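The values are calculated or read from the model by the stated rules, or taken from the named source; none is laboratory data. Everything quoted here is computed from the prediction, not taken from an experiment. Glycine also receives a Cβ, built like all others from the backbone with ideal geometry; neighbour counts cover every protein chain displayed.
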Number of protein chains: 2
Amino acid sequence: MSLVVHKYGGTSMGSIERIKSVAKRVAKWHAAGHKVIVVPSAMSGETNRLLGLAKEISADADPRELDQIASTGEQVSVGLLAIALQSLGVKAKSYTGWQTGIKTDSSFTKARIESIDAQHLLDDVNNGIVPIVTGFQGVDSKGNITTLGRGGSDTQAVAVAAAIKADECLIYTDVDAIYTTDPRVVAEARPLKVISFEEMFELASLGSKVLQIRSVEFAGKYKVPVRVLSSFTEHDIDIAVESKSGTLITFEEDEQMEQAVVAGIAFNRDEAKITLRGVPDSPGIAYKIVGPIGEANVDIDMIVQNIGEKGTTDFSFTVHRNEFKKAMEVLESQVRPALGAKEVVGDDKVCKVSIVGIGMRSHVGIAATMFKALADENINIQMITTSEIKTSVLVEDKYMELAVRALHKAFGLDQPPA
Amino acid sequence: MSLVVHKYGGTSMGSIERIKSVAKRVAKWHAAGHKVIVVPSAMSGETNRLLGLAKEISADADPRELDQIASTGEQVSVGLLAIALQSLGVKAKSYTGWQTGIKTDSSFTKARIESIDAQHLLDDVNNGIVPIVTGFQGVDSKGNITTLGRGGSDTQAVAVAAAIKADECLIYTDVDAIYTTDPRVVAEARPLKVISFEEMFELASLGSKVLQIRSVEFAGKYKVPVRVLSSFTEHDIDIAVESKSGTLITFEEDEQMEQAVVAGIAFNRDEAKITLRGVPDSPGIAYKIVGPIGEANVDIDMIVQNIGEKGTTDFSFTVHRNEFKKAMEVLESQVRPALGAKEVVGDDKVCKVSIVGIGMRSHVGIAATMFKALADENINIQMITTSEIKTSVLVEDKYMELAVRALHKAFGLDQPPA
């Protein structure tokens, strides 16, 4: 019998019927003798509705008050789920963030968890009670309600699992697993049984929407085994099967780990590339370019600096496509004249494709395989960046699906592991 | 410059536009130098919506969880109002019940306030901040969220006013004053400038919907001056005028008190009368009749015992019309056979009409004037009960409006006071 945290997303809590369905699942785990703590999100659409009300009053509302308002979505959810469990004969008790003792810093709307007082949750499960804890929120040292920001419920679930030293944190969502790549792009995409924490972290950073990146960070920091699985399976739940379904994010690389060198292919359409040409090559130019962009609140993703002609250099980087115009303006109006650079050119018709796998640490020639697969399809690579377990390339966005499919095949991801 | 509590009901908070309108009013009081604490209700309809969700899951939901859910309506309101005030340049800060330090007992859905830690509210107003406190809720000694039950926002506002020793608690609502009687029944009904606490308490007990009876009780216990006034007046608010408008519920009988002997006429259509005839007259019969009715959770209002024939008595009482059938069944099946009474007769076509006034203490002949006015209209009185400052009669319900109008005129309530 295990001690587990169940996390349910907004879609899983999207209606009274779906809440009852979540209750049935939890009741079944409880009846099988497992100790379960549940962290549900707000009903889907509720957080947007609440923040929409605030926005009608002021576009620039006080973040403390936004948190006061937004945190109620989860508070309603935990109460409703407790009632649903009780109506199935299961003892259940809901807790808000402050009632749970989830202490955060005071960064309203994006607070970070500092500590969790989990003893009462353990007391509850040891007394046969299912505690239901709000996701997404906590309380700061002055008693203000804080929220963890979008996707914070995943983080909260993992944090609770860490605090109670749960055997596993099961994240029920609307996908049934982490896939080798997006099945909407590659029909042959396969669900992964196991993925390493580092790989999951890279995939989350690269824009995989399944898990919020901070929850993966938290899982990594506290070594919490996390399983991603679907809450939309039919109701004759077989817990023995469910305990092995979906994708387990693990820290034990040797055990069970699939043999594939590359675990998955990620991609991101939201990129735009900007190049400053003919920059006089002198120390500190990178800072003189990146600094003003940062001051304009634009995040930079990839950065590449090439050697150019006659003592000058070309400096390229990517930003989110929505911030392309803003970044171009800053460069044209401030940076180019200040540095005496030749010209600013930009392209918002690009995308980033990445291969991720901890096998890349120990295998050589992975990048070569990647570049060959793209060359075979006549796809030109515009930029390259690499990390220990990831290689990303920037290509013209019309080639995105083609590139992803080619790489998926080149690394044998369409075949089940040996 | 005064220290005041403003209370706004659900209708006053019913839309974003109306919330902005509340903010304008509070900002004006603030700008005039007053120290204001605001207690808003949930947006109208919101509490019903939330409890409706719970009811969809279970008709018999855990009251603790209902409070967890229902308390969020006010939490959203205080946040929105804080944002609205801030957008007008006023420093404002919202507080939930537990953040305010409103301690209650653990009677979920109908908790009673035990204490309020008001120091931080005074600190706020002394620092130029407008604190906005949720109505309707608190926290028990174990950290559970509790609600005070319907209308609890009035009680909370009065309790906060008591805790900070406010000069006045202004209850903004959708009526502009307490009237001598319901203007929908008597066109000549006049707004009262002042009413005594005792009179208000009797009127609230008799079914006047303007103020919740517990808030009046609280005001009486802690001697909080309460003013009832409309939040629907136009926006060029003149605070000097507003401070004198509506109806002030006061404790200083001599000062300003109107000279009328009777302050108002109350009435209630929801009555039903039951009589147990031919009960053998012996000690303890009242308890033997009233006991089983109470056990069936039926509240009894008026009680009259008459002497009957040959050592028997007739025992009559009234109940809420909705509980008439239930009470009749209890009497017929249990009480009548047990006591050997002759018969049970009932009538649910009755209503109660009352005159209320502290002048009744010192004036004689008030009841006589009442009975004569009714007799002049040929209205038969079925039951009479009296208290120090109130006389109530039960009459056939088709005469209700006629009786109220006759009494309103007989006591000169249609004329302005001298």
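Look at the range A:328-344 and say how many of its residues are closer than 19 Å to A:GLN382 by Cα and touching a helix residue (DSSP H, G or I) at 6+ places or on another chain (Cβ under 9 Å). Of the residues in the range A:328-344, 2 are closer than 19 Å to A:GLN382 by Cα and touching a helix residue (DSSP H, G or I) at 6+ places or on another chain (Cβ under 9 Å). Listed conditions (1) in a loop (DSSP other than H, G, I, E, B); (2) under 28 Å from A:ASP238 (Cβ atoms); (3) more than 22 Å from the chain's Cα centre (by Cα); (4) within 11 Å of another protein chain (Cβ to nearest Cβ) are all met by A:MET43, apart from (3). Can we say B:VAL304 is of a type in the set (A, V, I, L, M) and at pLDDT 90 or above? So B:VAL304 does not fit the description; no. Test B:VAL38 against the stated conditions and say whether it is more than 10 Å from chain A (Cβ to nearest Cβ), at pLDDT 95 or above and not in a strand (DSSP E or B). Considered against the rule, which asks whether it is more than 10 Å from chain A (Cβ to nearest Cβ), at pLDDT 95 or above and not in a strand (DSSP E or B), B:VAL38 comes out as no. Return yes when A:SER107 is surrounded by 24 or more Cβ atoms within 10 Å (Cβ to Cβ), more than 7 Å from chain B (Cβ to nearest Cβ) and of a type in the set (S, T, N, Q) and no when it is not. No.
In the set (1) within 27 Å of the chain's Cα centre (by Cα); (2) part of a helix (DSSP H, G or I); (3) modelled with pLDDT of 95 or more, B:ASN48 fails one condition alone, (3). Just one of the numbered conditions (1) closer than 22 Å to A:GLY143 by Cα; (2) crowded, with 24+ Cβ neighbours inside 10 Å is not true of B:LEU170: (1).
Close contacts from the range B:44-55, counting a first residue that is in the same structural domain as B:THR147 (by TED's automatic domain parsing) and a second that is of a type in the set (Ser, Thr, Tyr), with Cβ to Cβ under 6 Å and a gap of 6+ residues or different chains, come to B:SER44/B:THR11.
Considering only residues in the range A:359-384 that are assigned to a loop (DSSP other than H, G, I, E, B) and not β-branched (Val, Ile, Thr), the one that is nearest to A:ARG184 (Cα to Cα) turns out to be A:GLU377. Exactly one residue among A:ALA204, A:ALA187, A:ALA162 is part of a helix (DSSP H, G or I), free of Cβ contacts under 8 Å to residues at least 40 places away in the same chain and either in contact with an Asp or Glu (Cβ under 6 Å, 6 or more places away or on another chain) or in the same structural domain as A:PHE136 (by TED's automatic domain parsing) (or both), and that residue is A:ALA204. Restricting the first member to the range A:116-132 and to residues that are more than 9 Å from A:GLY101 (Cβ to Cβ), and the second to residues that are among the acidic types (Asp, Glu), the beta-carbon pairs closer than 6 Å and six or more apart or on different chains are A:PRO131/A:ASP124.
Listed by first and then second residue, the pairs with beta-carbon distance under 6 Å, at least 6 apart or on different chains, first residue in the range B:404-418 and among the β-branched types (Val, Ile, Thr), second surrounded by fewer than 19 Cβ atoms within 10 Å (Cβ to Cβ), are B:VAL404/B:VAL185. Scanning the range A:50-87 for residues that are buried (at least 24 other Cβ atoms within 10 Å of the Cβ), of a type in the set (Gly, Ala, Ser) and facing chain B (nearest Cβ under 7 Å) yields A:GLY79, A:ALA82, A:ALA84. Only residues that are touching a strand residue (DSSP E or B) at 6+ places or on another chain (Cβ under 9 Å) and assigned to a loop (DSSP other than H, G, I, E, B) were counted in the range B:385-418, giving 3. Here is the figure for the range A:371-389: residues that are among the hydroxyl-bearing types (Ser, Thr, Tyr) and surrounded by 15 or more Cβ atoms within 10 Å (Cβ to Cβ) total 1. When each of B:LEU80, B:LEU53 is tested for being closer than 23 Å to A:LEU85 by Cα and more than 26 Å from the chain's Cα centre (by Cα), the lone residue that passes is B:LEU53.
Checked against the criterion of being within 14 Å of another protein chain (Cβ to nearest Cβ), closer than 16 Å to A:VAL5 by Cα and surrounded by 18 or more Cβ atoms within 10 Å (Cβ to Cβ), the candidates A:VAL125, A:VAL130, A:VAL90, A:VAL158 yield just one match: A:VAL130. Against the criterion of being in a helix (DSSP H, G or I), of a type in the set (Ser, Thr, Tyr) and surrounded by 15 or more Cβ atoms within 10 Å (Cβ to Cβ), A:THR275 does not qualify. The C-beta contact set for the range B:330-349 (first residue at pLDDT 90 or above, second residue small (Gly, Ala, Ser) and surrounded by 12 or more Cβ atoms within 10 Å (Cβ to Cβ), distance under 7 angstrom, 6+ apart or interchain) comprises B:VAL330/B:ALA296; B:ALA341/B:GLY278; B:LYS342/B:GLY278; B:GLU343/B:GLY278; B:GLY346/B:ALA272; B:ASP347/B:ALA272; B:ASP348/B:ALA272.
Here is a yes/no grid of residues against (1) hydroxyl-bearing (Ser, Thr, Tyr); (2) at pLDDT below 95; (3) in a helix (DSSP H, G or I):
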residue: B:LEU66; (1), (2), (3): no, no, yes
residue: B:GLU74; (1), (2), (3): no, no, yes
residue: B:SER77; (1), (2), (3): yes, no, yes
residue: B:ALA84; (1), (2), (3): no, no, yes
residue: B:SER94; (1), (2), (3): yes, no, no
residue: B:TRP98; (1), (2), (3): no, no, yes
residue: B:THR109; (1), (2), (3): yes, yes, no
residue: B:GLU114; (1), (2), (3): no, yes, no
residue: B:VAL125; (1), (2), (3): no, no, yes
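In the range B:1-33, what residues are in contact with a strand residue (DSSP E or B) (Cβ under 7 Å, 6 or more places away or on another chain) and surrounded by 20 or more Cβ atoms within 10 Å (Cβ to Cβ)? B:VAL4, B:VAL5, B:HIS6, B:LYS7, B:TYR8, B:GLY9, B:SER12, B:MET13, B:VAL22, B:VAL26, B:TRP29, B:HIS30 - these are the residues of the range B:1-33 that are in contact with a strand residue (DSSP E or B) (Cβ under 7 Å, 6 or more places away or on another chain) and surrounded by 20 or more Cβ atoms within 10 Å (Cβ to Cβ).
Among the residues of the range B:174-199 satisfying the criterion of being in contact with a strand residue (DSSP E or B) (Cβ under 6 Å, 6 or more places away or on another chain) and within 27 Å of B:GLY45 (Cα to Cα), which is surrounded by the fewest Cβ atoms within 10 Å (Cβ to Cβ)? Checking each candidate, the answer is B:ASP176.
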